[in-house]
Amino acid sequence: MSDSNTPSTYRKSALAPDLREMPDRTVRAWVERMAVRHLGGADYAVDSQSGATYVVDAREGTCTCPDATIRDETCKHQRRVALEITSRRVPPPGKRRVDCAACGTETFVPETSDPPALCGACRLEPGDVVLDRETGDRLVVVVVTGRRADEVPVEAADTTVADYPTNEGYPTDDIVVEVSYLTDAATGRARTYSFPHSRLQRTDGAELVDA
Ligand SMILES: [Zn+2]
Ligand SMILES: [Zn+2]
C-alpha cells in the first residue's frame, strides 16, 4: 500500500514586497521588465529589459549574464527566476505545467511522469484504498487510466462506464480508474472493475479500522 501522505499542491502566496528594505539587485529583480520561460529541467531563459536573453540554471545557481559569469554574483535574473517559481508563474525545476486530468485544476507534475496527470487532491496510486461514494464499498486502485468514461466499455452490460446506470451522476468525460474490491484483493484473484474517478473517495487509511 502506498503512502497517502503525499504533499498536496503548492500553496499560492501573495507577493507583497517592501522594496525599501531590499538590496538594489533584488529590487531590480522585481520591478524590471523581464520574461521568464522554462526550457525544461532546471534551465530558464530570461529575456532581460536590455533586450539580451540569458539562461539561468536554477539548480546549479548559475546565469550566463556578465554579473554572474564575470563578477560571480547572484544576479537579478537568478532572483527573478526564483521569484517566478515561488509565485507559480513558471514550473519548478523538473516539473511541467498541466491541467489535472480529473478536476482541471492547473498543477505541476514531474516532466517525466506518464499521463494521466493528476493534481495533489486527485492523485491516486495503485494500491490506494478508496471508498465507492455510491455504496461505501472499499476498493483498491489497480490503475488510473487516461481514458474517458464515455470511451470505456462495460462488456457485461453492453454499455460504457459513463452510461452504466449507477454512474449517471458523474461526468461523462471523467477519467476511468480500474479497481478491485478490497475483500477480493485478499484472495489474490480479484476481478477489476472500471469506475469514474470522481465516484471514488480518497481515504487516509483511517476508514480501514472498524470502530
Ligand atoms: Zn544573470
Ligand atoms: Zn485534480
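Given points 7 Å out from each Cα along the Cα-Cβ axis, report the residue 103 to residue 125 separation in nanometres with one decimal.
1.9
May I ask you to give the percent of accessible area on segment 43-148 that is carbon plus sulfur, with a probe radius of 1.4 Å? Show your work: numbers first, answer last.
Details: 2430 of 5290 Å².
The nonpolar share, carbon plus sulfur, comes to 46 percent.
Keeping every protein chain present and rolling a 1.4 Å probe, give me the accessible area per residue for segment 96-170 in Å².
Working: 4020 Å² over 75 residues.
Solvent-accessible surface per residue comes out at 54 Å².
Taking GluC sites (Glu not before Pro) as exposed when DSSP calls them loop (any state but H, G, I, E, B) and at most 10 other Cβ atoms lie within 10 Å, what is the longest stretch of the chain free of them, the sites themselves excluded? Spell out each step's value before the answer.
Details: sites that count: 60, 168.
Between the exposed loop sites, the longest stretch runs 61-167.
Mind giving me the nanometre distance, one decimal, between the label points for residue 47 and residue 202, set 7 Å out from Cα along Cα→Cβ?
3.7
Across 5 Å bins from 0, what is the distribution of all Cα-Cα pair distances for the chain, in whole percents?
Bin by bin from 0 Å, the calculated values are 1, 7, 12, 14, 13, 10, 9, 7, 7, 7, 6, 4, 2, 0, 0.
Can you tell me the length gained on complete extension of the stretch residue 67 to residue 168, counting 0.36 nm per residue apart and subtracting the Cα distance?
On the way: separation 101, 0.36 × 101 = 36.36 nm, distance 6.11 nm.
Length gained between residue 67 and residue 168: 30.3 nm.
How large is log10 of I(q)/I(0) for segment 129-208 at q = 0.14 Å⁻¹ when the intensity is taken from the Debye formula with one equal scatterer per alpha-carbon?
The computed values of log10 I(q)/I(0) come out as -0.43.
To the nearest whole percent, what portion of all C-alpha pairs in segment 19-86 is separated by more than 15 angstrom?
Pairs farther apart than 15 Å: 47 percent.
The values are calculated or read from the model by the stated rules, or taken from the named source; none is laboratory data. Note that this is a predicted model, so its numbers are computed, not measured. Positions of Cβ are generated from backbone atoms using ideal geometry, with glycine treated the same way; all protein chains shown enter the neighbour counts. Each accessible area value is taken on the protein alone, full model and side chains, heavy atoms only, with ligands, DNA and RNA left out. Shrake-Rupley method; radii C 1.70, N 1.55, O 1.52, S 1.80 Å.
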